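Scroll down for the structure; my scribbles are underneath it.
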Amino acid sequence: MEPLIRELRHAATVLRRRPWFTAAAVLCLALGLGATSAIFTIVNTVLLRPLPYADSDHVMMLWNQRGSQGLNLPVSAAEYVDFRDQNQTFSGIAVLIANIYGLTGEGLEPERVTGARVSGNFMTVLGVRLQAGRNFLPEEDRFGNEHEVILSNGYWRRRFGADPKMVGRAINLDGSPTTVVGVMPPNFTFGDVDYDVFAPIGFNPKVLTLRKARGLTMVGHLKPGATPQQARADLNGIVRRFRQQFPSDYKDSTWKVAVVPILDDLVGGVRPALMVLLGAVALVLLIACANVANLLLARASAREKEVAIRLALGAGRGRIVRQFLLESLLLSLAGGAVGLLLAGWGVKALVASNPYNIPRLEQISLDGRAIAFTVLVCAVAALFFGLAPALQAARTDFHGALKEGGKTSAVGSGGQRMRSALVIFEVALALMVLVGAGLVLKSFRKLAQSDPGFRPKGVLTASVLLPRAKYGAPAKSRGLFRELLPRIGSIPGVRSVSMVSALPLGTVQSLGNLASHESGSLNDADQLTVNRLIVDTGYFQTMDIALRRGRLFTAADDERATGVAMIDEGLAKRLWPNEDPIGRRFRLDPDPFPGAKDGRLVVGVVGTVRQQALGEPSLDQIYLPYAQLPSTFMSLVLRADAELSSLTHSVRATVTSVDHDLPVSNVHTMEEVLAASLTRARVNALLFGIFALVALALAVVGVYGVMAYSVAQRTHEIGIRMSLGAQSRDVLRMVIRQGMALTAAGLAVGLIASIAATRAVASLLYGVSSTDVLTFAEVLLLLAALAWLASFVPARKATRIDPMMAMRYE
């Protein structure tokens, strides 16, 4: 042990005596290791760390799937009960449905609360132990009972100051007193929504007869020894029995059940981006290691006499290798330490902005696994960039090195070939990173310039929740909004006002099944899932959504009129290709409006609106008039000529003047909503851009370093050439030709590798091919130009060599 400690001290002394060399190497490694540690920390937390459920590997999300749409669809209460009672592979199956509540009282202004109604066995299926209080009792999970709730840990702390006396107290939800019976444990998550409260679901007996009234999220816990494949076969066997028992409800033969591990279901949408980013930083780390290897190779040549003396004094070549590797390890650990500091800052910035809306991002921290990973990578990196210089030093011919004038005995063609190979390697890797970044940046630019289907400038939005205890009757909710909208419209500066059940570019969807329609391309057996939006008259004018055919909704389309609808042009082309859809009818399943018993009459066709985030595929959309399907939760949209920030207080005050118990939330401009929908793509582009700049800088520095070292080693040769009549331009051309030859080889290798590697980036692109020729050409030209500049600087220096001084150079 003592010899090792002594060698470590010697290695540290060697590095300390060469501060500029050490600083350059540590900086290169810190950039690569820091980026790698930051991305691995995110990947570890989001993709690898188990969810906070007991036996989480056996918790499965269960979804309906149908036809070619490939969508994960919810289940109905009737289907849930049958799956729960008839399956053979799950120890328990539970359901959840999202809900919105209004919290009043507590001495504070009304608040919109994100909640969920769950089956009584929900916590048991997930294996969740409450931090305080108890679970729902079996008798509480019944229809009509919403008098008990369980608070999330975060909401308990945020709203009630983590008061332990909250258990057993009553709060006012939707105008009704509700008792808090428990508090969830910290860090509990389910899906990508942070639920504030949980209430028992209690099915209406009538709902249990409606097999198509689907809106429940279903989750199951596998029995010991059961596999997802067995569970899938089990549940799909139940679906086959559905077709036999209820043929009118299951005409579509493609209906099946998907069984997805809950972690895969939660993070599947972000997994490709995170893995591609991890691959990109790995390439950056390799470039940094190649740069440090070149530095160490050059340093090994300069230390040739030192090594020769040690060999002459009896040191073994194995000991020389060990000494050089220890120096590399110290450099790597120092770079890793600085990199962890950079990673910590980067992760904190990312978590603070939560740009991806990544589930579990708030749990991210540099934990023991991330630190252990960094240490392991440091060791591997040290071996990667330190082995070649160590072996070169061990091969030193100490007899030649100790002779006067034996300067180049260790600087043979082998060392030069190694340095050249490393430059080719760096350029190839840099090209791969730059091409990926170029594609992602071009994709983001196209995405940002894409048409969302409406004009966001000058539009303010706000969500309003009506307490069901007070406004549950359709007539009351209609009356409230008929009073509220004109008052908001009279605010100075407001040009028009309307409302919609779900804003564009959001995550909220209300799915419906288009069951049948007149003489179109579908029949009753080919149900189509659509996004069903409820809007007030004036919505399309306020949002500036183009009317393609027919008319817009009017005040005459009320609860006494026949059922009408508007559809987007995508659905019109799907249902009635090359035909006029105006005046045609279709049937929604379910559709509770009495005036739609003979189907909905299409009165207008509007342009396609990006209802989900830009770049994500959207379902076809159907718009229904609010008067015919009133809802207690709507989002106001108002277009104004005034400064939108100045209207926020006026909108809140107007809502309060109508009813002081109405919570107003999510007050944003549509431009903010649009910007938020681009955030994930923007951060993808930003991170790729940063990695590309680092890779580019390291590659250019690598080319410059090798060429500068080559010029320094060839000073004597260049002096002879110039003394024999070589012109400055000849020397300039010779050095640049050498640098560009290495660059060309690197570009050729990198081009082939990039064509194969960019397939991994394809899932992140919008409107850009992964083999976009223009992007490849631009990156090739950029790298070639910078490599030429990196070669030109030492070449220019070579032309200024004094032949007489060079002739005496050793």
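The values are calculated or read from the model by the stated rules, or taken from the named source; none is laboratory data. Nothing here was measured: the structure is a model prediction, and the numbers come from that model. A quick note on method: Cβ atoms are made from the backbone with ideal geometry, for glycine too, and the neighbour counts reach across all protein chains shown. What goes into the accessible areas is simple: the full protein's heavy atoms, side chains included, and nothing from ligands, DNA or RNA. Shrake-Rupley method; radii C 1.70, N 1.55, O 1.52, S 1.80 Å.
Kindly indicate whether residue 582 is touching a residue at least 24 places away in the same chain (Cβ under 8 Å), of a type outside the set (Gly, Ala, Ser) and not in a loop (DSSP other than H, G, I, E, B). Against the criterion (touching a residue at least 24 places away in the same chain (Cβ under 8 Å), of a type outside the set (Gly, Ala, Ser) and not in a loop (DSSP other than H, G, I, E, B)), residue 582 does not qualify. In region 79-103, the residue that is nearest to residue 193 (Cα to Cα) out of those that are of a type in the set (D, E, K, R) and open to solvent by 10 Å² or more (accessible area, probe 1.4 Å) is 84. Can you pull out the residues in region 635-658 that are of a type in the set (A, V, I, L, M, F, W, C) and either touching a helix residue (DSSP H, G or I) at 6+ places or on another chain (Cβ under 8 Å) or surrounded by 15 or more Cβ atoms within 10 Å (Cβ to Cβ) (or both)? Hits for region 635-658 are 636, 637, 638, 640, 642, 644, 647, 651, 655, 658. Annotation note: of 721, 759, the sole residue that is at pLDDT below 90, out of contact with any helix residue (DSSP H, G or I) (no Cβ under 6 Å at 6 or more places or on another chain) and under 30 Å from residue 451 (Cα atoms) is 759. Can you pull out every residue in region 559-578 that is of a type outside the set (A, V, I, L, M, F, W, C), over 23 Å from residue 482 (Cα atoms), surrounded by fewer than 22 Cβ atoms within 10 Å (Cβ to Cβ) and touching a residue at least 12 places away in the same chain (Cβ under 8 Å)? Within region 559-578, 569, 570, 574, 577 qualify.
When region 450-492 is filtered for residues that are of a type in the set (Gly, Ala, Ser), surrounded by fewer than 16 Cβ atoms within 10 Å (Cβ to Cβ) and under 30 Å from residue 615 (Cα atoms), only 450 remains. Within region 725-770, restricting attention to residues that are among the hydroxyl-bearing types (Ser, Thr, Tyr), in contact (Cβ under 8 Å) with a residue 12 or more places away in the chain and not in a helix (DSSP H, G or I), the residue that is most open to solvent (accessible area, probe 1.4 Å) is 766.
Which of the residues spanning region 412-455 are outside any helix (DSSP H, G or I), under 24 Å from the mean Cα position of the chain (by Cα) and of a type outside the set (Gly, Ala, Ser)? Answer for region 412-455, where residues must be outside any helix (DSSP H, G or I), under 24 Å from the mean Cα position of the chain (by Cα) and of a type outside the set (Gly, Ala, Ser): 451, 452. When region 165-184 is filtered for residues that are touching a residue at least 60 places away in the same chain (Cβ under 8 Å), open to solvent by 30 Å² or more (accessible area, probe 1.4 Å) and assigned to a loop (DSSP other than H, G, I, E, B), only 175 remains. Among the residues of region 625-634, is there at least one that is among the hydrophobic types (A, V, I, L, M, F, W, C) and either open to solvent by 30 Å² or more (accessible area, probe 1.4 Å) or touching a His at 6+ places or on another chain (Cβ under 6 Å) (or both)? Yes: region 625-634 contains one or more residues that are among the hydrophobic types (A, V, I, L, M, F, W, C) and either open to solvent by 30 Å² or more (accessible area, probe 1.4 Å) or touching a His at 6+ places or on another chain (Cβ under 6 Å) (or both). Scanning region 37-68 for residues that are loosely packed, with under 15 Cβ neighbours inside 10 Å and within 23 Å of the chain's Cα centre (by Cα), we see that the one that is modelled with the highest pLDDT is 57. In the condition set (1) out of contact with any helix residue (DSSP H, G or I) (no Cβ under 7 Å at 6 or more places or on another chain); (2) part of a helix (DSSP H, G or I), residue 253 is compliant with all but (2). Residue 534 fulfils the conditions (1) open to solvent by 40 Å² or more (accessible area, probe 1.4 Å); (2) closer than 22 Å to residue 500 by Cβ except for a single criterion, (1).
If you go through region 595-602 one residue at a time, do you hit one that is at pLDDT below 90, outside any helix (DSSP H, G or I), open to solvent by less than 60 Å² (accessible area, probe 1.4 Å) and not basic (Lys, Arg)? Yes, region 595-602 contains a residue that is at pLDDT below 90, outside any helix (DSSP H, G or I), open to solvent by less than 60 Å² (accessible area, probe 1.4 Å) and not basic (Lys, Arg).
Checking each residue in region 1-36 for being open to solvent by less than 60 Å² (accessible area, probe 1.4 Å) and without any contact (Cβ under 8 Å) to a residue 24 or more places away in the chain picks out 13, 23. If you go through region 540-558 and keep only what is buried (at least 17 other Cβ atoms within 10 Å of the Cβ) and among the β-branched types (Val, Ile, Thr), you end up with 542, 545.
For region 659-699, filtered to residues that are within 30 Å of residue 479 (Cα to Cα) and surrounded by fewer than 16 Cβ atoms within 10 Å (Cβ to Cβ), the residue that is modelled with the highest pLDDT is 666.
Residues satisfying the criterion are present in region 224-234 (criterion: farther than 21 Å from residue 193 by Cα, assigned to a helix (DSSP H, G or I), touching a strand residue (DSSP E or B) at 6+ places or on another chain (Cβ under 9 Å) and among the basic types (Lys, Arg)). Please determine whether any residue of region 192-202 is in contact with an Asp or Glu (Cβ under 8 Å, 6 or more places away or on another chain), of a type in the set (D, E, K, R) and modelled with pLDDT under 90. No, every residue in region 192-202 fails to be in contact with an Asp or Glu (Cβ under 8 Å, 6 or more places away or on another chain), of a type in the set (D, E, K, R) and modelled with pLDDT under 90. Applying the criterion of being open to solvent by 40 Å² or more (accessible area, probe 1.4 Å) and in contact (Cβ under 8 Å) with a residue 24 or more places away in the chain to the residues of region 155-164, the residue that is nearest to residue 53 (Cα to Cα) is 164. Screening residue 193 with (1) among the β-branched types (Val, Ile, Thr); (2) under 18 Å from residue 82 (Cβ atoms); (3) touching a strand residue (DSSP E or B) at 6+ places or on another chain (Cβ under 9 Å); (4) open to solvent by 50 Å² or more (accessible area, probe 1.4 Å) gives one miss only, at (2). The set of residues from region 771-786 being surrounded by fewer than 19 Cβ atoms within 10 Å (Cβ to Cβ) and among the β-branched types (Val, Ile, Thr) comprises 771, 773.
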